[in-house]
Amino acid sequence: MTLYISKNQRPCLRHIFLMASIAVSGLSFGGYAQADMNAPHATNADAKISLPAQKFKTINFKKDKIYEFSYFTVKPGKQKQLDEKYFPVSMPIVAEYGGKMHAMFMVTDNIKGDLEGQMLGIFEWPSLDVKNKMHEDPRFKKVAPVMMDALSYFKTGFYEIENDANVTFSNQKSYEFFGAWINSDETLKEYFKVSGPIKKSYGHPEPKFKLALKPAKGQGLFAYTPDMSGIVEWDKGEDYHALTNSKEFKAQAEGLLDDAVKEMNLVQTRILIQ
């Protein structure tokens, strides 16, 4: 499934962006999203969306924190419910528990798997225990159904990182978020060895691996917990297709990847920056 974001759809994205999942701090999401959607745009003839004036956002990922990645879509006509009945109650509660929203991304291309959300949010928590305690707070339990009733899709996972990492995102780049379930670590190593030179020579800028993620422990039976997850920066989302459809990749790397990975979710996104 590919999402084509036209100028007429940008006001709707403001409403989607306001939702921001359950990990909201005291930010004003309306202003945050509207600033990005109203920014001067430079058209990229090869892209499916027009690109805004260049801005950057750096996230300081820390090894002693937990990161929530939430994919979601707001039902048509439900934004008012969130604005009036959910946010005014939930935001102060989340802030009490140390929840922090880092960034929101618009999904522009759903390439593989079953992640169907139109938006992706990255949130930080002191620990998974703290996040779970918030869910048991009577005040939050009372308001949470208001949020869930407003969503047509919601899937979330929690991650850790091995070392502190500062990751800078640009609103003129495309960001791949992937999760994979591995068949063979050895075959996967061979895939990376073979595909590395192809990524440097396929005729487009080389993709940059930005961050490796590992599932946080204690998420529960139904959590989204791939064996391997990460973020990759592409110059344009279309470059992924140019690479994987290239003659060299298909002949040398595609079979190794298919053997190494039994299942994969992969989306291309664009960050929204105030």
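Looking across region 42-75, the residues that are in contact with a helix residue (DSSP H, G or I) (Cβ under 9 Å, 6 or more places away or on another chain), at pLDDT 90 or above and not in a strand (DSSP E or B) come down to Lys55, Lys75. Using the structure shown, decide if Lys250 is modelled with pLDDT of 95 or more, farther than 25 Å from Phe169 by Cβ and not acidic (Asp, Glu). When the stated conditions are applied, Lys250 passes them. Can you name the residue in region 89-122 that is among the hydrophobic types (A, V, I, L, M, F, W, C) and in a helix (DSSP H, G or I) and is also surrounded by the most Cβ atoms within 10 Å (Cβ to Cβ) among such residues? Filtering first and then ranking leaves Val94. If only residues of region 226-274 that are in contact (Cβ under 8 Å) with a residue 40 or more places away in the chain and of a type in the set (Gly, Ala, Ser) are counted, the one that is surrounded by the fewest Cβ atoms within 10 Å (Cβ to Cβ) is Ala242. Quick check on region 139-194: of everything there that is without any contact (Cβ under 8 Å) to a residue 40 or more places away in the chain and hydrophobic (A, V, I, L, M, F, W, C), which residue is surrounded by the most Cβ atoms within 10 Å (Cβ to Cβ)? In this case the residue turns out to be Phe192.
The values are calculated or read from the model by the stated rules, or taken from the named source; none is laboratory data. What you see is a predicted model; the values in this text were computed from it and never measured. When we count neighbours, we look across all protein chains shown, and the Cβ atoms used for this are built from the backbone with ideal geometry, even at glycine.
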